[in-house]
Amino acid sequence: MSKTTLTRRGVLRTGAVAGAGVALPTIFTASSARAFTNEPTGGSVTLGFNVPQTGPYADEGADELRAYELAVEHLNGGGDGGMLQTFSSKALEGSGILGKKVEYVTGDTQTKSDAARASAKSMIEKDGAIMITGGSSSGVAVAVQGLCQEAGVIFMAGLTHSNDTTGKDKKANGFRHFFNAYMSGAALAPVLANAYGKDRKAYHLTADYTWGWTQEESIKAATEALGWETVEAVKTPLAQTDFSSYIAPVLNSGADVLVLNHYGGNMVNSLTNAVQFGLREKQANGKNFEIVVPLFSRLMARGAGENIKGILGSTNWHWSLQDEGTKAFVKSFGTKYGFPPSQAAHTCYVQTLLYADAVQRAGSFDPCAVAEALEGYEFDGLGNGPTLYRAEDHQCFKDVLVVRGKENPTSEFDLLEVVEITPRGQVEYAADHPMFAGGALGSCNPGV
Amino acid sequence: MFGLGKKDLTLFLIVAVMALFAPFILNPFPTDSGMAQFNAGYPDLMQRFVIFGILAIGFNILFGLTGYLSFGHAAFLGVGSYAAVWMFKLLSMNVIPAILLSMIVSGLFAVVIGYVSLRRSGIYFSILTLAFAQMSYNLAYSVLTPITNGETGLQITLDDPRILGVSATADGGIPVTNLFGLEMRSFETLNIGPWAFQFSVGYYVAAIIMLISFYVAIRIFRSPFGMMLRAIKSNQNRLYYTGLNARPYTLAAFVISGMYAGLAGGLLACMDPLAGAERMQWTASGEVVLMTILGGAGTLIGPVLGAGFIKYFENIFSKINDQVVHAWVSFLPDGLENFVVAIIHPFVGKGWHLTLGLMFMLIVIFLPGGLVEGGQRISRRLRRKPAEDDAKSASTEPAE
């Protein structure tokens, strides 16, 4: 009996030692010498679409995924080609990227930095993704951007509005097409001053996290420059669902404008509470009380229903625009899915096209070559008019839309009307603007 | 050997062999086959398997032995991560100081939280720990932003001081976490025929630490101290009547368990230098409880299996999308294909929570002892031995 035990133990021990012996020499050597991470070798190239499929921004995520599928279809020559027809660059021919068929993998960010990074890592390590894109939260965008910088792949940000993404957390491998809080402020403030006058007193309710803070800072600076006064700025917890206790003090604060720096479900709830309290019928300082929501999206407008009518905000893009690019995109998206795309879908579709185009122009999938092709790139025909990818911070500069909740919507998608298209010149800022200071792009990383 | 009994030694060696050969075991399908989707042998997921294994082992020391159900273990995980990332920012990119600091800080945290929470038992204890964890989460999310960088998460940057290292590498990049020069992220790919096996430095570092933790856990389970903890679980009043004060023992177990969680958090940060507040959220605490129950509470190997099970679902099932399902069933006629895809659709991709929930229900209902009990039943079937022998299978040691 003891003899057999000894043998078994001996076998196991020998096995363990032998295993360690086999494994050790291989793990302590340098990685194989390739030009860059996940260089595509076969007849196809894999892109990683990392979007929130569960959690608070799942609606945005689902729409982003639809846009990505459409973009892949168009890149591979399927469908009606969408914005490829209107894009100012004609490098893409509908034959994939550099002749390689585009394939994709998807993942769930859960709107958590940790889960998003795990999902992006598995795309890079397991599926060999050459580019990661997507996301619907600035926290996630910053986290995944950092990961892509370390891993040596390109990150094309999805919906992220915080100044930090291309400000203090900017990275050489990361690119953002979406606009940011500063641009919202710069575009919105003149319209607000026109509509509501220059001697207003504003009260801010702000979602208590990085995006909320940068937006509050941007809106405050822009409105104060035009003569407004900020009475008070109150932070609300992100998980808050009932804002009554935050709305009540607004009435007696002496303010006559309420600015809601909230997004998604937060904004839907805070706006509904504010309307329930009758703020919009109130008079303060002899003026009508007004509510402003600096960052609007159609999905939010749908959630807020009636309450959104007449409220001013800004948005990156809206499907009712009448330029050729927008019309082509709305048409092919509508044909495929039966309803118009959201701004999240638009920015993700455009980002995919821009990446593919940059690879095609650079003639290589090497992240450094792609980054070089994107930096300082001027293009048109993608729905926002002439646009520049600035080399200093990898932020896109384009016109910003100021929108208002429609009084008489004709359909469940027709909720916002464009009040003004703020020209690009008015929302531009220096790359070393104090709201964006404190970070560095670093150098591009092609990986191992 | 190592002061372990025969059965424990066998178990330990099995775990060691499995950990060392994980890149092979977890990659059973050739890279270009359709089944490659189910391969789990890539560095990031393997690291998560062993790191959450450590977390679950630690949790089991508290829950499995004393029966105190902590619903706030994620707080220690988060604190450990923050401590480790701060060490990377301030001192050096070497993982050793980071891991040590994360254990120390989470240990101190555990002393404070445990001292207060352990005054109550049962559901009140669970609620107290949950409250502390949510407090930590909210503090990290907004109040302590200068320390935690709020929702964005604490990251290392190019302008960190790093006293014993460099702020930026020669070519302008952020330096990488390492163990005396061995980069955590570097890996070697071994191609055998159509298979590609990845051996990652980070994984082996984490795996060795997991084996050490596992060994310590076995020693605790078998020690007189472990016996005391079991006595607390079976009847605390009886202990008080015999003149023993149980609280120092429970506090010690709580602190050890918290340090395990801190170690796991520190390791997470070593593999990927980022610490986010959501690591402390109550859902994260709940996940640890799920892992332990799923694997088998009170058993040595159970929590590790449970951790692997949950992480596998989170990372593999969530990535199966309709396109992939279509490819699987493309041999069927069109109408039938779409029908099958529609059936499978709710359970994969964004529906991975649903699948996991169903599995959890099935296991809790039919295998109350968790995966370990499943293993025992199978081995009993296979061996067909009389009942008194198989009550203790080689791979498990029930706590009571």
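Taking each residue in B:17-26, count the Cβ atoms of any other chain within 10 Å of its Cβ, then average. What number comes out? Let's see the in-between values first.
On the way: counts 7, 1, 2, 10, 6, 1, 3, 3, 0, 0.
The mean count of partner-chain Cβ atoms within 10 Å per residue comes to 3.
Can you sort B:ASP322, B:ASP171 so the residue with the fewest Cβ neighbours within 10 Å comes first?
Values: B:ASP322 17, B:ASP171 9.
Least crowded to most crowded, the residues run B:ASP171, B:ASP322.
What's the center-to-center distance, using Cα atoms, between region B:70-128 and region A:58-89 in Å?
Here the answer is 46 Å between Cα centres.
Assigning unit charges at the beta carbon (Lys, Arg +1; Asp, Glu -1) and nothing else, what dipole magnitude in debye, to the nearest 20, does region A:182-315 show about its Cα centre? Let's see the in-between values first.
Numbers: 11 positive and 12 negative charges, 64 e Å.
The dipole magnitude comes to about 300 debye.
Looking at region A:182-315, what % of the alpha carbon pairs are farther apart than 18 Å? Let's see the in-between values first.
Numbers: 4241 of 8911 pairs.
Value for region A:182-315: 48 percent of Cα pairs lie more than 18 Å apart.
With everything on Cα atoms, drop me the angle between helix A:210-225 and the longest principal axis of chain A, reported from 0 to 90° to the nearest 10.
Helix A:210-225 and the main axis of chain A meet at about 30 degrees.
Treating cross-link reach as a plain straight distance, find the lysines whose alpha-carbon is under 24 Å from the alpha-carbon of A:LYS220, omitting any fewer than eight places away in the same chain.
A:LYS168, A:LYS170, A:LYS198, A:LYS201, A:LYS235, A:LYS282, A:LYS287, A:LYS309, A:LYS398
Listing A:TYR196, A:TYR349, A:TYR429 from the residue with the fewest other Cβ atoms within 10 Å to the one with the most, what is the order?
On the way: A:TYR196 20, A:TYR349 27, A:TYR429 17.
The most exposed by this proxy come first: A:TYR429, A:TYR196, A:TYR349.
Please work out the C-alpha center-to-center distance from region A:192-209 to region B:7-66 and express it in whole Å.
54
Using just the C-alpha positions of region B:1-82 as equal point scatterers, what log10 of I(q)/I(0) does the Debye formula give at each q in 0.12, 0.16, 0.18, 0.26 1/Å?
The Debye formula, applied to the Cα set alone, gives -0.56, -0.86, -0.97, -1.16.
Compute the angle between helix A:138-151 and the longest alpha-carbon principal axis of chain A, please, reported from 0 to 90 degrees and rounded to the nearest 10.
For helix A:138-151, the angle is close to 30 degrees.
In chain B, with Lys and Arg counted as +1 and Asp and Glu as -1 at Cβ, which of these residues, B:LEU239, B:PHE52, B:TYR137, has the Cα nearest the positive end of the dipole, that is, farthest along it?
B:LEU239
Given DSSP loops and a limit of at most 10 other Cβ atoms within 10 Å, what is the longest stretch of chain B that contains no such chymotrypsin sites (Phe, Trp or Tyr not before Pro)? Let's see the in-between values first.
Details: sites that count: B:PHE2, B:PHE180, B:PHE331.
Maximal segment without exposed cleavage sites: B:3-179.
What are the membrane-span-like helices in chain B by this rule: whole DSSP H runs, Cα extent along the axis at least 24 Å, mean Kyte-Doolittle hydropathy at least -0.5? Walk me through the numbers before you get to the answer.
Values: long enough: B:43-66 (34 Å, 1.41); B:73-90 (26 Å, 1.10); B:95-117 (32 Å, 2.29); B:201-222 (32 Å, 1.71); B:247-271 (36 Å, 1.21).
Long hydrophobic helices here: B:43-66, B:73-90, B:95-117, B:201-222, B:247-271.
Cross-chain or 8 or more residues apart, Cα under 25 Å: how many lysine pairs in chain B fit that? Count them up, please.
9
Assign one of three labels to region A:315-415, namely rounded, prolate or oblate, based on the Cα gyration tensor with a ≥ b ≥ c the square roots of its eigenvalues; rounded applies when a/c is under 1.5, prolate when it is not and a/b is larger than b/c, and oblate otherwise.
Working: a/c = 2.99, a/b = 1.89, b/c = 1.58.
Judged from the Cα gyration tensor, region A:315-415 comes out prolate (a/c at least 1.5, a/b above b/c).
Using Cβ contacts closer than 10 Å as the measure, can you line up A:VAL293, A:VAL448 from fewest to most? Display every interim value, and only then the final one.
Numbers: A:VAL293 26, A:VAL448 18.
Taking fewest neighbouring Cβ atoms as first place, the list is A:VAL448, A:VAL293.
If you average the C-alpha positions of region B:296-346 and of region A:402-432 separately, how far apart do those two centres end up, in angstrom?
Cα centroid to Cα centroid, the span is 42 Å.
No partner Cβ under 4.7 angstrom, meaning no disulfide-compatible partner by this rule: which Cys of the protein assembly as shown qualify?
So, A:CYS148, A:CYS348, A:CYS396, B:CYS270.
Please work out the Kirkwood hydrodynamic radius for the protein assembly as shown, using every pair of different C-alpha atoms, and report it in angstroms with one decimal place.
28.5
When the Karplus curve 6.51 cos²θ - 1.76 cosθ + 1.60 is applied with θ = phi - 60°, which whole-Hz ³J(HN,Hα) does each residue of region A:421-434 get, with x for Gly and Pro?
9, 6, x, 3, x, 6, 9, 6, 8, 6, 5, 9, 3, x
Would you mind giving the mean number of other chain beta-carbons within 10 Å of the Cβ of each residue in B:272-278, as a whole number?
Working: counts 8, 3, 9, 2, 9, 5, 7.
Mean number of neighbouring Cβ atoms from other chains: 6.
Can you give the Rg to Rh ratio for chain B, taking only C-alpha atoms and Rh from Kirkwood?
Values: Rg = 22.2 Å, Rh = 22.5 Å.
That ratio is 0.99, to two decimals.
May I ask you to list the aspartates and glutamates whose Cα is less than 19 Å away from that of A:LYS406, ignoring any residue fewer than eight positions away on the same chain?
Cross-link targets: A:GLU281, A:GLU290, A:GLU306, A:ASP414, A:GLU417, A:GLU420.
Quantify how strongly other chains surround peptide B:313-322 by giving the mean number of their Cβ atoms within 10 Å of each of its Cβ atoms.
Values: counts 0, 5, 8, 2, 1, 11, 10, 2, 8, 3.
For peptide B:313-322, the averaged partner shielding equals 5.
Mind checking the angle between helix A:265-276 and chain A's longest principal axis? C-alpha axes, 0 to 90 degrees, to the nearest 10.
20
Over the alpha-carbon set of region B:128-276, divide Rg by the Kirkwood Rh and report the Rg/Rh ratio to two decimals. Before the final figure, lay out the partial values.
Working: Rg = 21.6 Å, Rh = 19.5 Å.
Checking Rg against Rh, the ratio lands at 1.10.
Per residue, how big is the convex hull of region A:63-210 when only Cα atoms are used? Give it in Å³. It would help to have the intermediate numbers written out before the result.
Working: hull volume 23.1 nm³, N = 148.
Looking at region A:63-210, the number lands at 156 Å³ per residue.
Restricted to Cα positions, what overall size does chain A have along the principal axes? Three whole-Å values, descending.
So the three principal-axis extents are 94, 61, 43 Å.
Every number here is computed from the coordinates shown, using simple stated rules; none is lab data. Just so it is clear, the model here is predicted, and its values are computed rather than measured. Here the Cβ is made from the backbone with ideal geometry for all residues, glycine too, and neighbour counts use every protein chain on show.
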